[in-house]
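Presented below is the structure to which this report refers.
Throughout, read-outs are computed from the coordinates displayed, never taken from laboratory work. What you see is a predicted model; the values in this text were computed from it and never measured. Here Cβ is always computed from backbone atoms with ideal geometry, including for glycine, and neighbour counts include all displayed protein chains.
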Amino acid sequence: MEARKFIVGGNWKANGSPESVKTLVKELNDGELTTKDVEVVCAPPFLYLAEVKDSLRKEYKVAAQNLWDKDPGAWTGEIPAQLLADMGIEWVVLGHSERRENCGETSQIVAEKTKFAVDKGFSTLTCIGEKLDAREGGKTFEVLDEQLKPLAEVLSEADWESVVLAYEPVWAIGTGKVATPEQAEETHAYIRKWLAENVSEKVSESVRIQYGGSVNDKNAAELGQQPNIDGFLVGGASLKGSSFTTIINSAG
Ligand code: PEP
């Protein structure tokens, strides 16, 4: 079994002006990489996808933050997968907790979107993670079971090759309250065990699981050393080129 390649995603969320996006791309392009052993995917807002795709260094991929899982047509205001594929976008973030919370995306919807995206040739960063009450109530694994089950139901073993799971405890997103390396590792190991029991050993060993939630240039190295953490999904710290580059370099 090949080693799992570290993968760092930058989720720019709904941030950016024409000027700040140019500045961020320049900072990222100027950043000195000390490792080649890492895959990088930046997810700007839809408005800037084309510009970032054209101007960002070519070893970094660009992701949409969502897609519409229907064929092109009468869907005013939506962005169907095919339109993104036609633009050369190869990655998509799906099921972010902000979409689950604010846009009513259930685990079933997230699974169906993931399947649709994979069928259209995308690779996905599919997000899962528990809220604070679940963590405090000892229900973390139950929540993860509920989020993983529909994915296991719709994805074939081959589909999983195009899926990266981003474990993002909701209480750690944008709060500055990062999970400890032990907490994150315990949960990642649980997800891997769940995949072994409910999908296959092969998928369990090969699927990459990112940690997300207040990752920054100071805490990334220690988190990244955990055996079951295969990368990060980074929000706030991905908006600063130097911090994001340090996080990327923490992989090596
Ligand atoms: C995120 O939005 O996916 C995220 C992890 O945000 P932050 O790094 O700011 O906590």
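For the reader, a short list of remarks on this structure follows.
- Between Asp86 and Lys58, the contour length at 0.36 nm per residue exceeds the Cα-Cα span by 8.3 nm.
- Inter-probe distance in nm under a simple model that places probes 7 Å from Cα toward Cβ, at Asn15 and Glu2: 3.2
- Over segment 128-252, volume per residue of the alpha carbon convex hull, in Å³: 101
- Reciprocal mean inverse distance between Cα atoms of segment 15-76 - Kirkwood radius, Å: 13.2
- The GluC sites (Glu not before Pro) of segment 1-84 that meet both conditions, a loop assignment by DSSP and at most 14 other Cβ atoms within 10 Å of the site Cβ, are Glu2, Glu32, Glu59, Glu78.
- Computed packing ranks the peptides 141-149, 42-50 as 42-50, 141-149, most packed first, by mean other Cβ atoms within 10 Å.
- DSSP finds beta bridges in the chain, and of those with both partners inside it, around 0 percent are antiparallel.
- Calculated on the Cα set of segment 1-118, radius of gyration then Dmax: 15.2, 47 Å.
- Summing charges over neighbours of His96, with a neighbour being any other residue whose Cβ is under 13 Å away from its Cβ, gives 0 when K and R count +1 and D and E count -1.
- Whichever aspartates and glutamates have a C-alpha closer than 12 Å to that of Lys120, once near sequence neighbours (fewer than 8 apart) are set aside: Asp69, Asp71, Asp86, Glu90, Asp159
- Scattering curve values for the chain, log₁₀ I(q)/I(0), Debye with Cα scatterers, q = 0.10, 0.17 Å⁻¹: -0.44, -1.38
- Choice from Ala166, Ala14, Ala64 showing the highest fluctuation, given a GNM over the chain with Cα pairs closer than 10 Å: Ala14
- Shown here: segment 65-173, whose C-alpha atoms stretch 44, 31, 19 Å along the first, second and third principal axes, sorted largest to smallest.
- Per residue of the chain, the DSSP helices (runs of n ≥ 4 H) give a summed -39500 (n - 2.57) that works out to -11500 deg cm²/dmol at 222 nm.
- Per-residue extension of 0.36 nm, minus the Cα-Cα distance of Lys193 and Asp133, leaves a gain of 19.3 nm for this segment.
- When the trypsin sites (Lys or Arg not before Pro) in segment 30-121 are filtered for DSSP coil states and for at most 15 other beta-carbon atoms within 10 Å of their beta-carbon, the remaining sites are Lys36, Arg57, Lys58, Lys70.
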